[in-house]
Amino acid sequence: MLQVSKEKAILIFAHSVGWIIFIASPIINDTNMLAAISRHPGVFIVSNLFLLAYFYLNLNVFVPHFLSKKKILAFIGITLGGLLLYFVIMRLVPQHFFAEMPHHRPDMPFHRPDMPPHHRPEPFSRGDMMQQLKLYTRLTQFLIVFTISSGLKVLTQWYDEKRRLTELENSKVEAELSFLKSQIHPHFLFNSLNSIYYLALSKDDKAPQAILSLSDFLRFVTIESDKNFIPLEKEIKMLNEYLNLQSLRASEKFDLQVNMKGDFSFWKIMPLVFIPFVENAFKYGISAHVDCFIHLNIEMADGTLEFTIENAIFQGQKDIMSSSGIGLENIKKRLELAYPDRHTLAIESDRQTYSVHLKINLSS
């Protein structure tokens, strides 16, 4: 309520200042205008009252109900009718307000018999008055009021429509992100449970640590991933948990290299960005029988995050390209929604290696 009251007060103040400038402009621009207004204030008052009423009628009625609804002919007719009425009023008003006043001649309103001729001011008749006011009280002033009121309403409606579409798009993005993230959660859970199952079957002492890592990771997935953006440091921490969890079942022939550079503090990122790519690398890049590797690099510099992961392929190029599943498809979609025109994703593969290079501009 305080915010609405403040905005309303600012709006009233802006309109008041605008009308003061509008009414005072003819007086400031022409010193003779002040004498004309003081002698015959009626025309000045009636003309500005008419323009004031027309301004708000055009702003709140004519433009929204006719122009905005594509009733162009009706709007033009109303505008021309208002202009005609304005001219009629300005034609009739002087006959009432410029009636002869006692002790004065209509053609010499400032005449004093006792004043020497060379000290008398120039005669200021009704015709002079209308000549002085003509520029501002007739066509030009009407057009100024019409242009400002119409333009202000059209601009306001455009801004409101743009804001509405933005809010609609944001709500759509949030809904899609929530849906896509809800699809990813079971995918992580199944793979992590498989890793723990493998350790349990082999009675590996690392199983308790794997269960603890899974617990921490699931806490992150179920709580932090519900947010649109999280601290980059937290995303990196959870990535390390995931790497530790997956590495527990790796053989001695597996070479895992992780390289991280840069300052990850003060930056935020969409959650669960790295995990699908790392998960895919573990799915296709490790073997218990032959040498295999996963090389992971993450670098943060000048507001740009670069993520690169490369792994060996043991199930064939066709399999890894076509069977990546929900995880990779979802992350592609999420990147498009969260970082439009602010990221690049390159995925390359041959018969021996598979690589992903992701670059995101986090500074925008």
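Rounded if a/c is under 1.5, else prolate if a/b beats b/c, else oblate: with a ≥ b ≥ c from the C-alpha gyration tensor eigenvalues square-rooted, which is the range 183-307?
Working: a/c = 2.20, a/b = 1.39, b/c = 1.58.
In terms of gyration-tensor shape, oblate.
Starting from the Cα of LYS359, draw a straight line to each of the lysines and keep only those under 18 Å, dropping any in the same chain fewer than 8 residues away. Within the straight-line cut-off, LYS359 pairs with LYS261, LYS268, LYS332, LYS333. The residues SER213, SER355, SER16, SER68, when put in order of fewest to most other Cβ atoms within 10 Å, stand as SER16, SER68, SER355, SER213.
Taking label positions 7 Å along the Cα-Cβ direction at both ASP302 and ASN60, the computed distance is 5.4 nm, reported to one decimal.
In this simple spin-label model, placing a label point 7 Å from the Cα along the Cα-to-Cβ direction at both LEU139 and SER38 gives a separation of 3.2 nm. Close amide H partners of GLY262, meaning residues 5 or more places away or on another chain with modelled amide H under 5 Å apart, are MET300. Sorting ARG164, ARG39 from the fewest to the most surrounding beta carbons within 10 angstrom yields ARG164, ARG39.
Any read-out appearing in this document is the output of simple, stated calculations on the displayed coordinates, not a laboratory observation. Here the structure is a predicted model, which is why all the values come from computation and not from measurement. Neighbour counts are summed over all protein chains in view; Cβ atoms, including those assigned to glycine, are modelled from backbone coordinates with ideal geometry.
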